[in-house]
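The values are calculated or read from the model by the stated rules, or taken from the named source; none is laboratory data. In this text, all values refer to a predicted model and were calculated from it rather than measured experimentally. Positions of Cβ are generated from backbone atoms using ideal geometry, with glycine treated the same way; all protein chains shown enter the neighbour counts.
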Amino acid sequence: MEQDKKNSAQRSRALLYVGILLCILVVAMAIYTIASNYKNPSKAHNQTRIIENIDRYFESRRQDFTIFDVPRNLELNITDEVKIQMLPTPNFTKLDGDEFDGEFVEIKRVDEVINNDTNSTTNNSKDINSNPNLKANPSQKLAINSSENTNIKPKPTNKSKSNKPKLAIIIDDISTFYHAKKIKSLGLNITPSIFPISQNYPQTISVAREFKFYMIHLPLEAINYPYQEKNTLKVGDSIEKINKQIAKIRSDFPNAIYINNHTGSKFTSDYSSMKILFNSLKTYKMIFIDSYTTKESKAGILSKEFGNKYLKRDVFIDNSKDEKAIINQIRRAIKIAKISGQAIAIGHPYSQTFKALEVMKNELKNEVELVFVKDLYELYNWITP
């Protein structure tokens, strides 16, 4: 019995000694590690450097991609085989009843796009806004300044001092000095399109004097828009009425040459009414720029008949009054300009639109040459191949 107690005590002492030795070893290893790091600091920070390098690598990779996981350094190579599917702009709203532009667009070869648009007028396609429940159509082709019944292509002349693609941005619905101030504050070549003087817009003659160049925003009848201006020209209006209105515009705005339509899906799709208007514009030395609020617009056909160049809107930039969505639409206009050589974008005097243009100033200056509509009209010859 006594022998067992002695054996147990010996085992306990042995375990105690083993524990003490282990503690001494751990302390010795710690002291050795600290001493080694003190002698060679680079080793102490080696692991930290590795981690930092890894972080920098992934940060650089993150910066190379957009939020859409598209490499930033993947430039838009403009070749005959380019085909880009643009993303839809969310939460769009219809402007002026029929100033709606489908949010999806396919940009294909320029000659293919023009041919597709040429054929579109032979189909009984509905007005872009004739259906109040209209949804964006992913298969919609975006024609780039093409006539509906001819294969018309832009060809730059030698008048341009820059090889950059040309982009004209029109701001419609201008009627107040505040609108003029906001446009001028941007410091960009923005084309204002001013309403004719009326009871609703009594200041527009004076507002026009704020600009060296401006257009007239002519109200034309829409298919589906209950808030049309009182001076809106309508299908079936007499030659005398149309001539009288254009004559007054010429008198009120002696420097105006270019006119684009405010709404107008019904009027511009009616050949007879548009021919009366074109005759009147010719009489008073004015030129029609198509806001293109319907695929059925006859402006392209009549421009050819009257020997005019045909320019039309490519993009509405602010169907959605969301700053980010507007920025995306401006970038869309830039891409179209890069492919076709030129483009026309139309916006409105919304606070969000001015903010988006301010944000995009540097990008616009770097990517395109921002020109007035008159410059775009003069810089390009429109030829039939």
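Would you check if GLU210 is among the acidic types (Asp, Glu), surrounded by 17 or more Cβ atoms within 10 Å (Cβ to Cβ) and touching a residue at least 24 places away in the same chain (Cβ under 8 Å)?
It is false that GLU210 is among the acidic types (Asp, Glu), surrounded by 17 or more Cβ atoms within 10 Å (Cβ to Cβ) and touching a residue at least 24 places away in the same chain (Cβ under 8 Å).
For the list (1) buried (at least 21 other Cβ atoms within 10 Å of the Cβ); (2) touching a Lys or Arg at 6+ places or on another chain (Cβ under 7 Å), I need the number of the one condition that TYR350 fails.
Here TYR350 meets the rest and fails (1).
Hey, does the stretch 314-332 have a residue that's in a strand (DSSP E or B) and either touching a strand residue (DSSP E or B) at 6+ places or on another chain (Cβ under 7 Å) or farther than 18 Å from ASN189 by Cβ (or both)?
For the stretch 314-332, residues in a strand (DSSP E or B) and either touching a strand residue (DSSP E or B) at 6+ places or on another chain (Cβ under 7 Å) or farther than 18 Å from ASN189 by Cβ (or both): present.
Can you find a residue in the stretch 189-204 that is assigned to a loop (DSSP other than H, G, I, E, B), surrounded by fewer than 20 Cβ atoms within 10 Å (Cβ to Cβ), assigned by TED's automatic domain parsing to the domain that holds ALA299 and under 23 Å from the mean Cα position of the chain (by Cα)?
Yes; the residues of the stretch 189-204 include at least one that is assigned to a loop (DSSP other than H, G, I, E, B), surrounded by fewer than 20 Cβ atoms within 10 Å (Cβ to Cβ), assigned by TED's automatic domain parsing to the domain that holds ALA299 and under 23 Å from the mean Cα position of the chain (by Cα).
Search the stretch 289-307 for residues that are not assigned by TED's automatic domain parsing to the domain that holds LEU277 and pair each with any residue that is surrounded by fewer than 24 Cβ atoms within 10 Å (Cβ to Cβ) when their beta-carbon atoms are under 9 Å apart and the residues are at least 6 apart or on different chains.
Going by the 9 Å Cβ cut-off, there are no qualifying pairs.
Tell me the residue from ALA343, ALA337 that is in a strand (DSSP E or B) and crowded, with 21+ Cβ neighbours inside 10 Å, please.
Of the residues listed, the single one that is in a strand (DSSP E or B) and crowded, with 21+ Cβ neighbours inside 10 Å is ALA343.
Residues of the stretch 341-385 being among the hydroxyl-bearing types (Ser, Thr, Tyr) and either within 13 Å of the chain's Cα centre (by Cα) or modelled with pLDDT of 95 or more (or both), which ones?
TYR350, SER351, THR353 - these are the residues of the stretch 341-385 that are among the hydroxyl-bearing types (Ser, Thr, Tyr) and either within 13 Å of the chain's Cα centre (by Cα) or modelled with pLDDT of 95 or more (or both).
Here is a list: ALA325, ALA247. Which entry is over 19 Å from VAL371 (Cα atoms) and in contact (Cβ under 8 Å) with a residue 60 or more places away in the chain?
Only one candidate qualifies: ALA325.
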